[in-house]
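The values are calculated or read from the model by the stated rules, or taken from the named source; none is laboratory data. Computed from a predicted model, the values in this text were never measured in an experiment. Don't worry about glycine lacking a Cβ; one is built from the backbone with ideal geometry, like all the others, and counts go over all protein chains shown.
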Protein chains: 2
Amino acid sequence: MRATTLHAPGDIRVSEVPDPTIEAPTDAIVRVTAGCICGSDLWPYRGENDITPGHTIGHECVGIVEEVGADVTSFRPGDFVVVPFDHCDNTCAHCRAGIQSACVNLGMTTSGQAEYARVTQAEGSLVKTDGVPDAALVPSLLALSDVMPTGWHAAVAAGVRRGGTAVVVGDGAVGLCGVLAASTMGAEKVIVMSRHAPRQELARAFGATHVVAERGREGGAIVKEITGGVGADSVLECVGTDASMKTAFAVARPGSTVGFVGVPHGVELPVRTMFAKNVGLAGGMAPVRRYLPELLELVLNGRIDPGKVFDLTLPLAEVAEGYRAMDERRAIKVLIEP
Amino acid sequence: MRATTLHAPGDIRVSEVPDPTIEAPTDAIVRVTAGCICGSDLWPYRGENDITPGHTIGHECVGIVEEVGADVTSFRPGDFVVVPFDHCDNTCAHCRAGIQSACVNLGMTTSGQAEYARVTQAEGSLVKTDGVPDAALVPSLLALSDVMPTGWHAAVAAGVRRGGTAVVVGDGAVGLCGVLAASTMGAEKVIVMSRHAPRQELARAFGATHVVAERGREGGAIVKEITGGVGADSVLECVGTDASMKTAFAVARPGSTVGFVGVPHGVELPVRTMFAKNVGLAGGMAPVRRYLPELLELVLNGRIDPGKVFDLTLPLAEVAEGYRAMDERRAIKVLIEP
């Protein structure tokens with residue numbers, strides 16, 4: 001099959017690789033009808049994570065079930081499915097506690113920007129739609145494989161509540177989905193820290209009530225003013241850098257929680273500040289499967305449209321341009337059509 | 001008055017210092033009938049915190065109101081009061097949110113191991129008993145000024161719940177109060193990590209169901225076995241060192257929370273582990289006043305007896321021996337009688 005492969009920092013190619021196959025009775029093979037590029041794909045692309053040259057990349061996709069293993073009984077070839085980037089059996093103690101991202105049989109999509117992807121633990125992981133959905137719905141369904149549940153997880157971890165104030169640090173696709181999550185959960189004030197006009201605009205469309213373009217101390221002072229001098233009830237940290245984490249703790253009110261979902265890179269948590277202010281930290285890798293039924297319903301009944309984060313669609317052959325566009329922040333998030 | 005003063009690492013004295021006076025209309029002066037030494041007093045005593053030579057030390061006490069400022073209307077001379085180590089107005093936004101330790105008018109007891117102590121924000125901070133209590137109750141009432149509410153806060157922050165499993169890292173007085181808190185809250189398994197026989201014994205008296213003497217990986221493996229292979233539902237970190245924090249995260253189940261109340265010293269939080277396991281951190285300086293009404297009732301009706309943490313009582317003149325006894329772990333916690 002044709003698949004996106006990473007060979008060295010900045011060296012993204014479309015290569016011919018072996019088709020994935022059923023390796024265990026719990027597997028399924030999905031023909032990818034739409035995949036996309038994640039902010040976290042940029043870490044190895046930029047050389048900030050170790051890579052194995054030539055490996056496939058991409059962990060977000062939706063598609064049509066092509067083949068299932070013997071233990072997969074709820075799905076059959078032809079089903080349209082959302083593929084959570086983190087595969088889980090949905091039966092172990094961690095899954096039952098809602099932390100499917102720590103499943104004892106955890107797996108990952110490894111060829112989401114390709115023609116086919118193998119899903120381990122297909123029975124526990126996949127969620128299907130009734131019939132093949134309208135093309136117009138595909139971007140929002142694709143967003144459910146990672147970016148939207150990840151923003152949602154930040155809001156859950158941060159304890160967003162109806163009538164409260166929420167600050168979202170980060171205006172990438174995850175941060176924007178965090179805005180959508182916080183507004184959907186009923187936060188009265190949703191403050192996004194962003195200084196890029198197109199992202200500010202989308203944040204407002206997703207329910208942001210305030211946009212703060214300033215950063216650091218200045219940004220923190222403005223947020224404090226908006227929150228009546230006390231700080232935010234909930235903070236969603238959606239970047240993963242030391243600077244964004246420090247901003248998150250600076251704007252959090254005493255007793256609140258920073259919900260974090262950005263893979264941490266070079267973060268030193270300000271433990272003394274956390275202690276003095278009683279500001280907690282919660283979150284981590286999103287348990288996508290936990291939120292899928294609820295989020296799928298919100299998408300299907302038109303209450304949320306997270307697919308708006310895709311502002312560039314490219315054929316698989318042009319995936320390298322997709323990486324460049326996201327790396328240079330010319331695109332918020334790129335949808336790839338195999 | 002006579003007061004405990006710290007002059008250099010290890011140099012604890014009883015000195016004659018000026019009596020505290022009403023400096024603001026919100027102040028009260030309390031004649032200390034019992035004070036005590038806190039594990040956190042050992043940091044400056046050991047030279048691990050900066051000090052001002054000759055300053056008074058001690059932040060835990062109970063006593064009799066001697067004098068009140070003009071704005072203090074609920075207390076009068078002669079009242080027996082518990083003095084939270086962290087003084088608060090109990091009316092600001094942070095107090096109303098239950099984080100009195102971040103009160104905008106935060107104050108601290110600074111001469112708890114002395115004859116008199118000044119209480120700022122007396123109206124919001126103090127809690128009185130009906131009449132002067134029996135001498136037998138005094139240790140447990142004294143424990144309410146810091147150590148018991150601090151252990152309780154760890155349990156609240158860690159989300160201890162009825163029927164769950166709780167691990168307490170640390171067998172100091174705070175850790176032991178954490179055990180008492182977790183068992184009072186109905187945790188089914190309360191596992192304390194301790195290798196000192198007298199502390200193990202007190203932990204069992206406070207409701208510990210399991211004692212793990214091993215540390216590090218070995219201790220973690222035993223806790224994992226006790227918790228059915230999944231890890232603890234709640235972890236109370238009651239020390240504040242890097243090693244104790246790492247142990248806490250190692251035994252926490254995915255999706256759980258480490259509640260921390262030990263003033264952090266040299267702690268580097270394992271943010272990558274926290275992310276991968278979705279284990280949160282919450283807690284900090286205890287909002288003593290928040291818990292006082294509930295804890296006072298538990299003490300008065302005999303349901304908890306946190307005063308058992310005091311295994312040595314000394315007159316003020318011998319306070320230096322009290323510091324030595326705690327520093328050398330010969331005593332769990334030392335009560336000082338002025």
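Brief remarks on what is shown
- Checked against (1) modelled with pLDDT of 95 or more; (2) farther than 21 Å from A:GLU115 by Cβ, A:ASN49 passes all but a single condition, namely (1).
- Residue among B:GLY220, B:GLY255 that is in the same structural domain as B:VAL168 (by TED's automatic domain parsing), at pLDDT below 95 and small (Gly, Ala, Ser): B:GLY220
- Out of B:CYS61, B:CYS95, B:CYS36, one residue alone is over 28 Å from B:LYS333 (Cα atoms), crowded, with 21+ Cβ neighbours inside 10 Å and assigned by TED's automatic domain parsing to the domain that holds B:LEU300. It is B:CYS95.
- The one condition in (1) more than 18 Å from B:LYS308 (Cα to Cα); (2) surrounded by fewer than 18 Cβ atoms within 10 Å (Cβ to Cβ) that B:PRO198 fails to fulfil: (1)
- Residue satisfying condition, being within 14 Å of chain B (Cβ to nearest Cβ) and in contact (Cβ under 8 Å) with a residue 12 or more places away in the chain, within set A:PRO254, A:PRO293, A:PRO198: A:PRO254
- One residue stands out in the range A:98-126 among those that are crowded, with 22+ Cβ neighbours inside 10 Å and within 13 Å of chain B (Cβ to nearest Cβ): the one that is farthest from A:ASP19 (Cα to Cα), namely A:ILE99.
- One residue from A:VAL239, A:VAL261 being closer than 17 Å to A:VAL168 by Cβ and either more than 9 Å from chain B (Cβ to nearest Cβ) or over 19 Å from the mean Cα position of the chain (by Cα) (or both): A:VAL239
- The residue that is farthest from the other protein chains (Cβ to nearest Cβ), counting only those in the range A:265-290 that are at positive phi and crowded, with 22+ Cβ neighbours inside 10 Å, is A:GLY283.
- Enumeration of residues in the range B:326-338 that are over 18 Å from B:PRO139 (Cα atoms) and part of a helix (DSSP H, G or I): B:ASP327
- Test: residue in the range A:158-171 that is out of contact with any Ser or Thr (no Cβ under 7 Å at 6 or more places or on another chain), in a strand (DSSP E or B) and touching a residue at least 40 places away in the same chain (Cβ under 8 Å): yes
- Number of the condition not met by B:GLY262 [criteria: (1) part of a loop (DSSP other than H, G, I, E, B); (2) at pLDDT 95 or above; (3) crowded, with 24+ Cβ neighbours inside 10 Å; (4) not hydrophobic (A, V, I, L, M, F, W, C)]: (2)
- Filtered residues of the range A:217-245 (kept if assigned to a loop (DSSP other than H, G, I, E, B) and of a type in the set (Val, Ile, Thr)): A:THR227, A:VAL230, A:VAL239
- Taking the range B:1-105 and the strands (runs of 3 or more DSSP E) fully enclosed by it, the elements with 2 or more residues that are without any contact (Cβ under 8 Å) to a residue 40 or more places away in the chain are at B:11-16.
- The one condition from (1) of a type in the set (Gly, Ala, Ser); (2) within 30 Å of B:CYS103 (Cβ to Cβ); (3) in a helix (DSSP H, G or I) that A:GLY307 does not meet is (2).
- Residue-level check: of (1) within 23 Å of A:LEU281 (Cα to Cα); (2) assigned to a loop (DSSP other than H, G, I, E, B), A:ARG195 misses just (1).
- Evaluating A:PRO139 against the criteria (1) closer than 11 Å to A:VAL62 by Cα; (2) assigned to a strand (DSSP E or B) leaves one unmet condition, (2).
- Exactly one residue out of A:ALA286, A:ALA282, A:ALA320 is in contact with an Asp or Glu (Cβ under 9 Å, 6 or more places away or on another chain), modelled with pLDDT of 95 or more and under 30 Å from B:GLY159 (Cα atoms): that is A:ALA286.
- Residue, farthest from A:LYS189 (Cα to Cα), within the range A:270-287, restricted to residues that are assigned to a loop (DSSP other than H, G, I, E, B) and touching a Pro at 6+ places or on another chain (Cβ under 9 Å): A:PRO287
- When the range A:180-195 is filtered for residues that are more than 15 Å from A:SER244 (Cβ to Cβ) and either without any contact (Cβ under 8 Å) to a residue 12 or more places away in the chain or aliphatic (A, V, I, L, M) (or both), the ones remaining, listed by number, are A:LEU180, A:ALA181, A:ALA182, A:MET185, A:ALA187, A:VAL190.
- Inclusion of B:ALA248 among residues that are in a helix (DSSP H, G or I) and either assigned by TED's automatic domain parsing to the domain that holds B:ALA158 or small (Gly, Ala, Ser) (or both) is warranted.
- Among (1) under 19 Å from the mean Cα position of the chain (by Cα); (2) outside any loop (DSSP other than H, G, I, E, B) - the single one A:ALA320 does not satisfy: (1)
- Residues that are touching a Lys or Arg at 6+ places or on another chain (Cβ under 9 Å) and over 13 Å from B:VAL174 (Cβ atoms), drawn from the range B:127-155: B:VAL127, B:PRO139, B:SER140
- B:PHE85 touching a helix residue (DSSP H, G or I) at 6+ places or on another chain (Cβ under 8 Å) and more than 15 Å from B:GLU123 (Cβ to Cβ): yes
- Applying the set (1) surrounded by fewer than 19 Cβ atoms within 10 Å (Cβ to Cβ); (2) assigned to a loop (DSSP other than H, G, I, E, B); (3) touching a residue at least 24 places away in the same chain (Cβ under 8 Å); (4) not assigned by TED's automatic domain parsing to the domain that holds A:ALA331 to A:GLU214 leaves exactly one unmet item: (3).
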